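S.K.: Quick one: structure below, then a few questions.
The values are calculated or read from the model by the stated rules, or taken from the named source; none is laboratory data. The structure presented is a predicted model; accordingly, all values stated were derived computationally and were not measured. Here the Cβ positions follow ideal geometry from the backbone for every residue, glycine too, while neighbour counts run over all protein chains shown. Side chains are part of the model used for accessible areas, which takes the heavy atoms of the whole protein and leaves out ligands, DNA and RNA. Shrake-Rupley method; radii C 1.70, N 1.55, O 1.52, S 1.80 Å.
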Amino acid sequence: MAMSDRVLPLAHHPERATTETATTKVILIAIAVLFLAAILFLPLVTVFIEALRKGWGTLFESFSDPDTLAAIRLTLLVAAIAVPFNAVVGLAASWAIAKFEFKGKNLLLTLIDLPFSISPVISGLVYVLLFGAQGWLGPWLVAHDIQIIFAVPGIVLATVLVTFPFVARELIPLMQSQGTSEEEAALMLGASGWYTFLHVTLPNVKWALLYGVLLCNARAMGEFGAVSVVSGHIRGLTNTMPLHIEILYNEYNFVGAFAVASLLAGLALFTLLAKTFLEWRFAGELAASARRH
Amino acid sequence: MTFLPSSLRQPSALPGFGLALGFTLAALSIIVLIPLAALVLRAASIGPAEFLKIATDPRTIAALRLSFGTALVAALINTVFGLLIAWVLVRYRFPGRRIIDAAVDLPFALPTAVAGIAMAAIYAPNGPIGSVAQSLGFKIAYTPLGIVVALVFIGLPFVVRTVQPILEEVETDIEEASALLGASRLRTVFQVVLPHVYPALLTGFALAFARGVGEYGSVIFIAGNIPLVSEIAPLLIVIKLEEFDYGGATVIATLMLAISFAMLFLINAIQGWSRKKYGNV
Amino acid sequence: MRLLTRRSLALGTAALFLSVGAAQALADRTLLNVSYDPTREFYKEFNAAFAADWKAKTGEAVTIEQSHGGSGKQARAVIDGLQADVVTLALAGDIDQIASKTDKLPKDWASKLPHNSAPYTSTIVFLVRKGNPKAIKDWGDLVKEGVQVITPNPKTSGGARWNYLAAWAYAAKQLGGDEAKTKEWIADLYRNVPVLDTGARGSTTTFAQRGIGDVLISWENEAFLVQKEFGADNFDIVVPSLSILAEPPVAVVEGNAKAKGNLDVAEAYLKFLYSPEGQKLAAKNFFRPVDPASADPADLARFPKLELVSIDKDFGGWAKAQKDFFADGAIFDQIYRPTN
């Protein structure tokens with residue numbers, strides 16, 4: 001590089017120093033957009049195209065099928081239990097981990113993360129081993145006429161396991177970065193612990209909490225592998241939406257399958273929209289929460 | 001993890017530690033630990049000789065190799081493109097940026113079975129991309145390549161979302177300084193900016209990898225499922241289960257679990273290390 | 001925020017109790033039929049007919065819940081505690097597994113109903129693309145180079161086991177019963193399989209919807225159904241020179257049915273399969289009825305005549321076939337040994 005460039009690059013080319021040439025930019029953006037189009041958009045678009053293959057009428061018709069409605073109800077019920085539960089656990093875990101120092105914290109973090117990387121199949125399998133008729137607690141459950149797997153409780157348990165880390169994972173880094181000074185000030189001013197938590201800590205993390213809940217919810221409604229192992233696949237009774245999709249698909253009802261799939265894809269889109277809206281509306285607060293991981 | 005100065009100073013300033021930790025541990029035990037312990041104990045109960053026999057069976061090894069191999073390739077692809085996408089999203093302003101930013105999370109939110117069916121439709125020889133590949137003389141769906149494609153989809157947001165916030169943190173001062181000192185743009189990016197991102201990139205890579213190893217719902221529709229060729233480890237677990245071979249299923253599950261746990265521990269160690277080295281980002 | 005957390009806790013708890021209640025509410029007059037893949041359409045129709053018949057006879061309303069999936073998977077679910085009142089599976093071996101691993105049904109379950117408890121039979125045929133471009137006439141054509149064969153995994157699919165045994169019977173006959181050569185022939189056959197789905201339905205979708213492969217080895221009823229669903233102008237059925245008599249059996253899972261107070265309706269349900277109406281519906285849905293007299297002759301005319309081997313006579317029953325061919329490390333596993 002020439003001497004003059006070395007001395008006065010900023011004066012002559014103010015952007016050069018910290019950015020790329022316009023051509024490079026366009027090429028990089030083009031690569032990113034093409035990659036995302038091929039990997040992300042195409043599957044999404046396919047879902048809607050297939051769902052609409054026979055027109056809107058057929059699409060709405062497939063929603064009115066009683067088994068489809070039952071699957072939607074079950075999915076909502078499962079999410080209504082699993083998501084609040086994981087939200088509460090996530091809050092407790094992040095309070096303990098982010099606001100206190102203790103031995104074994106790394107191990108605890110790893111254990112909370114573990115469901116992220118367990119195969120969903122294993123997540124279902126463990127409950128079969130535990131609660132199945134041949135499992136450890138099976139004989140006791142049978143004797144007391146309690147049905148866990150192949151019924152709603154098993155589906156809920158498997159879903160809770162799969163979505164366990166979602167809220168905690170959003171909250172912990174944010175609460176860590178926020179430190180404890182605000183809570184300490186509140187306590188010093190005489191606020192109770194609960195009051196401090198509800199009026200100081202929660203408002204600070206509410207958007208991260210909401211985002212965690214949204215992601216947790218999307219995954220809870222969409223879980224397939226784990227639920228498939230513990231469901232029993234009884235039509236209209238223990239089929240969640242993703243399992244119902246598989247069933248419809250297997251009945252050559254491709255439009256019906258993609259119709260239900262489009263509902264779930266719509267949920268995914270709604271999640272992303274809600275998240276984008278939150279980011280736009282509360283840019284400052286979320287910038288901090290973006291520092292997760 | 002990092003030691004937050006405030007809590008080091010006053011370790012008992014805040015209340016509720018016992019309650020919060022107690023509740024967390026109780027939930028963790030009931031939902032995660034006890035069921036996993038049941039799995040490991042069940043696998044252990046079949047004895048070391050049988051365990052070893054199942055673990056070293058060629059089909060087990062082939063399935064594990066396939067699961068870990070395709071997850072590795074997919075995670076590498078995601079590392080390259082994830083970094084590029086994060087870079088574009090953080091550094092450039094262009095129309096549609098916000099949409100693309102939002103869309104990155106799609107694989108988090110889209111059910112895996114839906115993704116699997118849709119991708120099978122796209123990459124099968126009669127699908128829009130599959131037919132192009134067919135005319136070029138190779139196949140995507142029903143080969144290990146199809147598995148890689150599915151896992152790239154599943155893992156992409158892990159890399160982007162891990163790298164993005166770190167990239168946002170990097171101060172442009174140092175880039176200016178580097179440029180002022182005469183470094184080319186390429187050199188500045190690779191030797192000044194990216195070193196800050198490497199720990200996060202590694203974390204994103206590891207998360208995408210760990211997720212890919214266990215993925216079932218989306219892969220099963222596109223894999224082909226031929227033993228020794230395109231049969232993934234989670235499918236082998238399902239197959240063993242359906243043969244009433246609980247021992248075999250739990251052994252493979254335990255192997256996968258052990259590897260996942262080791263990887264996650266490594267990730268958190270890297271995160272702790274990067275926090276110490278680069279500040280609390 | 002405070003409100004949100006409290007309300008969701010309360011909601012969660014309430015929902016949990018609700019769900020336990022819902023699970024127990026199963027004890028009503030609902031019957032759970034756990035079945036295998038290709039019977040969906042048949043049982044949909046049959047259940048409605050049975051419910052009407054039961055209502056007429058007893059005045060009682062009965063709802064039949066259905067669960068479908070790969071036969072082995074379904075048997076495992078029942079073993080693990082799925083509360084099936086009746087099982088209607090692809091092969092006797094899977095019901096034998098339930099009998100041996102639980103005490104919910106007697107070992108001699110097959111003798112409880114006529115015809116070895118198989119109210120309908122089927123066989124294995126080929127489905128090829130219209131005009132049969134690869135000129136597939138018989139099993140021998142499936143091992144030719146360049147022919148892609150679609151069949152599910154015998155480890156997870158009952159139908160795939162019938163496919164396998166039919167292929168084996170043909171090869172054994174052609175090769176004069178030389179087991180080593182037959183094994184080699186079977187290995188050649190599976191080398192031509194590009195996708196090994198976990199269930200019969202998965203394979204059908206791969207072949208018909210995804211356009212993979214030249215020939216689908218399929219249940220006869222499934223092949224007819226594909227023609228019906230995807231249009232007869234897209235596919236041809238090819239009947240091989242020899243196939244197997246597939247007897248999908250049914251049984252009352254007495255342990256479950258008794259506990260749920262459903263024994264009477266479960267037994268009546270299975271008996272209804274043998275009734276003229278049940279037999280007629282079976283034939284209508286492409287199953288070969290054991291009592292052809294009550295079926296519609298037009299339906300019967302669709303079934304070609306062909307030489308059929310039998311699992312009991314030619315393979316020594318399911319227990320033996322399972323051990324010889326499909327058990328861990330048995331002949332099927334040997335096909336997929338690394339060849340290095």
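S.K.: Which residue out of B:43, B:62, B:75 is out of contact with any helix residue (DSSP H, G or I) (no Cβ under 8 Å at 6 or more places or on another chain), more than 30 Å from residue A:91 (Cβ to Cβ) and open to solvent by less than 40 Å² (accessible area, probe 1.4 Å)?
M.R.: None of the other options fit; the residue is B:62.
S.K.: Checking residue C:146 against (1) touching a residue at least 60 places away in the same chain (Cβ under 8 Å); (2) of a type outside the set (Val, Ile, Thr); (3) surrounded by fewer than 24 Cβ atoms within 10 Å (Cβ to Cβ), only one condition comes out false. Which one?
M.R.: Status for residue C:146: all satisfied but (1).
S.K.: I would also like to ask the following. Run down C:211, C:202 and say which single residue is under 16 Å from residue B:121 (Cβ atoms), within 16 Å of the chain's Cα centre (by Cα) and not assigned by the TED database to the domain that holds residue C:40.
M.R.: Checking each option against the conditions leaves just C:202.
S.K.: Specify the residue that is most open to solvent (accessible area, probe 1.4 Å); the eligible residues are those in segment B:223-257 that are β-branched (Val, Ile, Thr), more than 10 Å from chain C (Cβ to nearest Cβ) and over 18 Å from residue C:199 (Cα atoms).
M.R.: B:254
S.K.: Still on this structure: What number of residues within segment B:46-68 are in contact (Cβ under 8 Å) with a residue 60 or more places away in the chain and outside any helix (DSSP H, G or I)? So that I can check it myself, show each step before the final result.
M.R.: Here is the first cut: in segment B:46-68, the ones in contact (Cβ under 8 Å) with a residue 60 or more places away in the chain are B:46, B:50-51, B:54-55, B:58-60, B:62-64, B:66-68.
From the residues that got through so far, the ones that are outside any helix (DSSP H, G or I) too are B:46.
Count: 1.
S.K.: Could you run through segment A:157-169 and say how many residues are open to solvent by less than 10 Å² (accessible area, probe 1.4 Å) and in a helix (DSSP H, G or I)?
M.R.: Qualifying residue count, segment A:157-169: 9.
S.K.: Criterion first (at pLDDT 85 or above, in contact with a Leu (Cβ under 6 Å, 6 or more places away or on another chain) and either at the interface with another protein chain (Cβ under 7 Å from one of its Cβ atoms) or surrounded by 14 or more Cβ atoms within 10 Å (Cβ to Cβ) (or both)) does residue B:35 satisfy it?
M.R.: Working: at pLDDT 85 or above: yes; in contact with a Leu (Cβ under 6 Å, 6 or more places away or on another chain): yes; either at the interface with another protein chain (Cβ under 7 Å from one of its Cβ atoms) or surrounded by 14 or more Cβ atoms within 10 Å (Cβ to Cβ) (or both): yes.
Against the criterion (at pLDDT 85 or above, in contact with a Leu (Cβ under 6 Å, 6 or more places away or on another chain) and either at the interface with another protein chain (Cβ under 7 Å from one of its Cβ atoms) or surrounded by 14 or more Cβ atoms within 10 Å (Cβ to Cβ) (or both)), residue B:35 qualifies.
S.K.: Moving to a separate point now. Taking residue C:314, is it without any contact (Cβ under 8 Å) to a residue 24 or more places away in the chain, over 17 Å from the mean Cα position of the chain (by Cα) and surrounded by 15 or more Cβ atoms within 10 Å (Cβ to Cβ)?
M.R.: Values: without any contact (Cβ under 8 Å) to a residue 24 or more places away in the chain: no; over 17 Å from the mean Cα position of the chain (by Cα): yes; surrounded by 15 or more Cβ atoms within 10 Å (Cβ to Cβ): yes.
Judged against the criteria, residue C:314 is not a match.
S.K.: How many residues are more than 14 Å from chain A (Cβ to nearest Cβ) and buried (at least 24 other Cβ atoms within 10 Å of the Cβ) if we restrict to segment C:190-203?
M.R.: Result for segment C:190-203: 2.
S.K.: Considering only helices (runs of 4 or more DSSP H) fully contained in segment A:55-155, which possess at least 2 residues that are touching a helix residue (DSSP H, G or I) at 6+ places or on another chain (Cβ under 8 Å) and at the interface with another protein chain (Cβ under 7 Å from one of its Cβ atoms)?
M.R.: So the answer is A:66-99, A:105-117, A:120-131.
S.K.: Residue check: is residue B:88 surrounded by fewer than 24 Cβ atoms within 10 Å (Cβ to Cβ), facing another protein chain (nearest Cβ under 7 Å), among the β-branched types (Val, Ile, Thr) and assigned to a helix (DSSP H, G or I)?
M.R.: yes
S.K.: Next up: Condition first: in contact with a strand residue (DSSP E or B) (Cβ under 6 Å, 6 or more places away or on another chain) and not hydrophobic (A, V, I, L, M, F, W, C). Now tell me which residues in segment C:189-219 satisfy that.
M.R.: Across segment C:189-219, the qualifying residues are C:192, C:203, C:206, C:213, C:218.
S.K.: What is the number of the single condition among (1) within 14 Å of chain A (Cβ to nearest Cβ); (2) more than 30 Å from residue C:184 (Cα to Cα) that residue C:108 does not meet?
M.R.: (1)
S.K.: Of all residues in segment B:229-263 being of a type in the set (D, E, K, R) and outside any helix (DSSP H, G or I), which is modelled with the highest pLDDT?
M.R.: B:231
S.K.: (1) hydroxyl-bearing (Ser, Thr, Tyr); (2) in contact with a Leu (Cβ under 9 Å, 6 or more places away or on another chain); (3) open to solvent by 10 Å² or more (accessible area, probe 1.4 Å): which one isn't true of residue C:120, the others all being true?
M.R.: Against the list (1) hydroxyl-bearing (Ser, Thr, Tyr); (2) in contact with a Leu (Cβ under 9 Å, 6 or more places away or on another chain); (3) open to solvent by 10 Å² or more (accessible area, probe 1.4 Å), residue C:120 comes up short only on (3).
S.K.: For segment C:249-263, indicate whether the set of residues that are out of contact with any His (no Cβ under 8 Å at 6 or more places or on another chain), outside any strand (DSSP E or B), over 29 Å from residue C:97 (Cβ atoms) and open to solvent by less than 40 Å² (accessible area, probe 1.4 Å) is non-empty.
M.R.: So far as segment C:249-263 goes, no, none of its residues is out of contact with any His (no Cβ under 8 Å at 6 or more places or on another chain), outside any strand (DSSP E or B), over 29 Å from residue C:97 (Cβ atoms) and open to solvent by less than 40 Å² (accessible area, probe 1.4 Å).
S.K.: When you scan segment C:228-258, how many residues do you find that are within 14 Å of chain A (Cβ to nearest Cβ) and in contact (Cβ under 8 Å) with a residue 60 or more places away in the chain?
M.R.: 5
S.K.: OK, next. Restricting attention to segment A:197-223, which residues are touching a Leu at 6+ places or on another chain (Cβ under 7 Å), within 9 Å of chain B (Cβ to nearest Cβ) and hydrophobic (A, V, I, L, M, F, W, C)?
M.R.: Of everything in segment A:197-223, those that are touching a Leu at 6+ places or on another chain (Cβ under 7 Å), within 9 Å of chain B (Cβ to nearest Cβ) and hydrophobic (A, V, I, L, M, F, W, C) turn out to be A:218, A:221.
S.K.: Can you find a residue in segment A:212-235 that is under 20 Å from residue A:155 (Cβ atoms) and out of contact with any helix residue (DSSP H, G or I) (no Cβ under 7 Å at 6 or more places or on another chain)?
M.R.: Yes, there is a match, as at least one residue in segment A:212-235 is under 20 Å from residue A:155 (Cβ atoms) and out of contact with any helix residue (DSSP H, G or I) (no Cβ under 7 Å at 6 or more places or on another chain).
S.K.: Being open to solvent by less than 40 Å² (accessible area, probe 1.4 Å) and more than 29 Å from residue B:243 (Cα to Cα) is true for just one of C:272, C:325. Which residue is that?
M.R.: Numbers: C:325 fails: more than 29 Å from residue B:243 (Cα to Cα).
So the residue among C:272, C:325 that is open to solvent by less than 40 Å² (accessible area, probe 1.4 Å) and more than 29 Å from residue B:243 (Cα to Cα) is C:272.
S.K.: Having 3 or more residues that are modelled with pLDDT of 80 or more, more than 7 Å from chain A (Cβ to nearest Cβ) and crowded, with 19+ Cβ neighbours inside 10 Å is the bar; report the helices (runs of 4 or more DSSP H) wholly within segment B:133-222 that clear it. Don't jump to the end; show me each part of the working.
M.R.: On the way: elements: B:144-169, B:172-180, B:194-214.
Answer list for segment B:133-222: B:144-169, B:194-214.
S.K.: Is it true that residue C:154 is away from chain A (no Cβ under 14 Å) and either within 14 Å of the chain's Cα centre (by Cα) or of a type in the set (A, V, I, L, M) (or both)?
M.R.: Here the answer is yes, as residue C:154 does meet what is asked.
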